[in-house]
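Trainee: Let me give you the structure first, and then I'll get to my questions.
The values are calculated or read from the model by the stated rules, or taken from the named source; none is laboratory data. These numbers were taken from a predicted model, which means no experiment stands behind them. Cβ: placed from backbone, ideal geometry, glycine included. Neighbour counts: every protein chain shown. We work out accessible area using only protein heavy atoms, side chains counted, and drop any ligands, DNA or RNA first. Shrake-Rupley method; radii C 1.70, N 1.55, O 1.52, S 1.80 Å.
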Amino acid sequence: MTREEVNAIINLVDVNADGKFDYIKFCKLYMTTNEQCLKTTLEKLEVDSKLRRHQFGNHIEGFSERDPSPVRKPSPSIIRKTDQKTFSNKGDSRSSLLSATRKFKASLSFTITMGVNSNQNSKLKEPNLIKDWQCMQSKGCFFLEEDGEIVSHQYRMQIAQRSMVYLTIKPLNLSQVEGKPSPWLSVDTALYILKENESQANLQLVCFTELRNREVFGWTGELGPGIYWLIPSTTGCRLRKEIKPVTDEAQLVYRDETGELFLTKEFRSTLSDIFEVIDLDGNGLLSLEEYNFFELRTSGEKCDEEAWAVCRENFDTKKNELTRQGFMDLNLMEANDREGDPCDLWVTLHSMGYNKALELTEACPFVIDIYAEKCKPKIKAVHMEACSGQLEKAICKSVLSKGDAKVMDGYENIIVHTYNCDTWITSVVENKSDEKVIIHINNELSKNCINNRGLNIFAVEVAPNSTMVCQHVMPLNEQQEWIYYCTYSLIS
């Protein structure tokens, strides 16, 4: 601040009485003004974000029942270190208006007709004698963030000697009722395998799980000895923000006639499912590493060895790992710490993808299976990060190597690559020029299609000498034919 600004504040009538500066009044006025400025800024951002959505399609229109700015819960004190209408093909009238007012330098179109269960010959098949191969398994989860970004576990895999390998990934069914599959089993999953050469920064795309058998996606081939990174991926076409709000809130805790606090049956069942998801190796126990992935997700903090020792002293453990009952008691203690207030418990549930009705709507747990013919593979979860960066590069490389390419008429430096498999279509824009370009995308004539951006008309900005994933498209109804018709236009 300048001296004049400081003097102006000090001389405010509201905070200056009898020549004395009233600090309490000043603080109240400051906070009131600050809140008003924040409100005004948010209102402006909301207007701008709506405009950006219609122009650039970066976020999905709609709302979530969760708070717009969720606050991470603190770690438990004992272990702390101190519907189809949405995907209508009619398009948005405002988007159409935007399209009509744009001037395009050049355009090109793709038309791909996909039948029901097309590409029958590409179905995933298990290798012969796979029962004799050695197998390792790990679980993980895709989490949908407030801004639509997807976060997931990432893994390192070690292969000791050259061997045939069979890799699969599929959604994890948590349903307790036989014959009633979990609703997220329709979410597409994929696994990109990258070879580590000399360092983690130098990763080379080897393959990805493009073959499918129902909800299982897999790949079979020979891998040489070395360290590989396994990066899970989902297109985001089906794992997306929940549109309809849930009005009835489930009860998490109750008190008996003596006043003692207990977890409800419904909440215990949900916690049991969460335990299944975070028990990555599936041994029925939580190691410190597994528990820390959960803590980072729900509180943003890690539990150190000292705090973990305190946890083991207070809750049921086996082989220095937390049991399912111990995990339940840990959450009960958290409720007791808050005298029955379930606020922190709800933060945990929302962070793990649950809504107020205890339905898992904004997460998709998955399981990875690795079979090797000549050696026992090793797999370890090492990160939980946004599905971007290395994954974006890997997807671009796979589409450029396997997809069809079309050059923008009159602009040989602008190339649109389109890859289609049995399940989805991915388009990548390659900009070989030294200037950024804006590509306008129109999907309005597509039939029975949904894309990961949630808009039929949008635009993408592609940096100079770069490639970027433009969109992923999937059938809205897999039991019907779907037609991908997309026009890409260079905006002047």
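Trainee: In region 126-141, which residues are open to solvent by less than 80 Å² (accessible area, probe 1.4 Å), more than 16 Å from K378 (Cα to Cα) and either β-branched (V, I, T) or out of contact with any helix residue (DSSP H, G or I) (no Cβ under 6 Å at 6 or more places or on another chain) (or both)?
Mentor: Once the filter is applied, which keeps residues that are open to solvent by less than 80 Å² (accessible area, probe 1.4 Å), more than 16 Å from K378 (Cα to Cα) and either β-branched (V, I, T) or out of contact with any helix residue (DSSP H, G or I) (no Cβ under 6 Å at 6 or more places or on another chain) (or both), region 126-141 yields P127, I130.
Trainee: Need pairs with beta-carbon distance below 9 Å; first residue within 23 Å of N451 (Cα to Cα) and hydroxyl-bearing (S, T, Y) and within region 172-199, second modelled with pLDDT under 90 and surrounded by fewer than 13 Cβ atoms within 10 Å (Cβ to Cβ); sequence gap 6+ or separate chains.
Mentor: If the second residue must be modelled with pLDDT under 90 and surrounded by fewer than 13 Cβ atoms within 10 Å (Cβ to Cβ), the pairs left are S182/S175.
Trainee: Might you let me know whether region 343-355 holds any residue that is open to solvent by 30 Å² or more (accessible area, probe 1.4 Å) and either basic (K, R) or assigned to a loop (DSSP other than H, G, I, E, B) (or both)?
Mentor: For region 343-355, residues open to solvent by 30 Å² or more (accessible area, probe 1.4 Å) and either basic (K, R) or assigned to a loop (DSSP other than H, G, I, E, B) (or both): absent.
Trainee: Please go through (1) closer than 24 Å to N173 by Cα; (2) part of a helix (DSSP H, G or I); (3) open to solvent by 60 Å² or more (accessible area, probe 1.4 Å) for E385 and return the number of the only condition it doesn't satisfy.
Mentor: (2)
Trainee: Any residue in region 359-380 that is within 30 Å of D256 (Cβ to Cβ) and open to solvent by less than 30 Å² (accessible area, probe 1.4 Å)?
Mentor: yes
Trainee: Next up: Are any residues in region 207-217 in contact with a helix residue (DSSP H, G or I) (Cβ under 7 Å, 6 or more places away or on another chain) and open to solvent by 40 Å² or more (accessible area, probe 1.4 Å), and if so, which ones?
Mentor: If the condition is that a residue be in contact with a helix residue (DSSP H, G or I) (Cβ under 7 Å, 6 or more places away or on another chain) and open to solvent by 40 Å² or more (accessible area, probe 1.4 Å), then L211, E215 are the ones that fit.
Trainee: Restrict the check to region 468-491 and report whether at least one residue is closer than 27 Å to V151 by Cα and in contact with a His (Cβ under 7 Å, 6 or more places away or on another chain).
Mentor: Within region 468-491 (the criterion being closer than 27 Å to V151 by Cα and in contact with a His (Cβ under 7 Å, 6 or more places away or on another chain)), the answer is no, since none of the residues qualifies.
Trainee: For D273, all conditions in the list (1) on the phi > 0 side of the Ramachandran plot; (2) part of a helix (DSSP H, G or I) hold save one; what is the number of the exception?
Mentor: Unmet for D273, out of (1) on the phi > 0 side of the Ramachandran plot; (2) part of a helix (DSSP H, G or I): (1).
Trainee: Which one is nearest to R212 (Cα to Cα) among residues in region 423-451 that are in a loop (DSSP other than H, G, I, E, B) and open to solvent by less than 20 Å² (accessible area, probe 1.4 Å)?
Mentor: First, the residues of region 423-451 that are in a loop (DSSP other than H, G, I, E, B): 423-424, 432-436, 443-446, 448.
Going one step further and asking which of them are open to solvent by less than 20 Å² (accessible area, probe 1.4 Å), we end up with 423-424, 443, 446.
Details: T423: 8, W424: 11, N443: 26, S446: 24 Å.
Checked region 423-451; the qualifying residue nearest to R212 (Cα to Cα) is T423.
Trainee: Ok, one more. Which residues, taken from region 452-467, are assigned to a strand (DSSP E or B) and open to solvent by 40 Å² or more (accessible area, probe 1.4 Å)?
Mentor: E461, T467 - these are the residues of region 452-467 that are assigned to a strand (DSSP E or B) and open to solvent by 40 Å² or more (accessible area, probe 1.4 Å).
Trainee: Being more than 30 Å from P127 (Cβ to Cβ), small (G, A, S) and surrounded by 15 or more Cβ atoms within 10 Å (Cβ to Cβ) is the filter here, so list the residues in region 218-271 that pass it.
Mentor: G236, A250, listed by residue number.
Trainee: I need the full set of residues from region 212-228 which are assigned to a strand (DSSP E or B) and more than 14 Å from R162 (Cα to Cα), in order please.
Mentor: The answer is R212, N213, V216, F217, G218, W219.
Trainee: OK, next. Identify the residue in region 292-332 that is of a type in the set (A, V, I, L, M) and closer than 20 Å to E276 by Cα and, among all such residues, is nearest to the chain's Cα centre (by Cα).
Mentor: Start the filter on region 292-332 by keeping residues that are of a type in the set (A, V, I, L, M), which leaves 296, 307, 309-310, 322, 328, 330, 332.
If we keep only those that are closer than 20 Å to E276 by Cα as well, we get 296, 322, 328, 330, 332.
Details: L296: 15, L322: 27, M328: 26, L330: 27, L332: 28 Å.
Checking each candidate, the answer is L296.
Trainee: Same structure again: For the condition at pLDDT below 95 and more than 27 Å from F208 (Cα to Cα), what is the one hit in G454, G410?
Mentor: None of the others qualify; the one that does is G410.
Trainee: Residues in region 298-313: is at least one closer than 26 Å to K241 by Cβ, of a type outside the set (S, T, N, Q) and touching a Lys or Arg at 6+ places or on another chain (Cβ under 7 Å)?
Mentor: Within region 298-313 (the criterion being closer than 26 Å to K241 by Cβ, of a type outside the set (S, T, N, Q) and touching a Lys or Arg at 6+ places or on another chain (Cβ under 7 Å)), the answer is yes, since at least one residue qualifies.
Trainee: The conditions are (1) under 20 Å from S109 (Cα atoms); (2) touching a Lys or Arg at 6+ places or on another chain (Cβ under 7 Å), and S446 fails exactly one of them. Which is it?
Mentor: Just one mismatch for S446, condition (2).
Trainee: Return yes when F294 is under 22 Å from S182 (Cα atoms) and part of a strand (DSSP E or B) and no when it is not.
Mentor: So F294 fails the test.
Trainee: While we're on this one: Could you tell me whether any residue of region 446-462 is of a type outside the set (F, W, Y) and more than 26 Å from K241 (Cβ to Cβ)?
Mentor: Scanning region 446-462 turns up no residue that is of a type outside the set (F, W, Y) and more than 26 Å from K241 (Cβ to Cβ).
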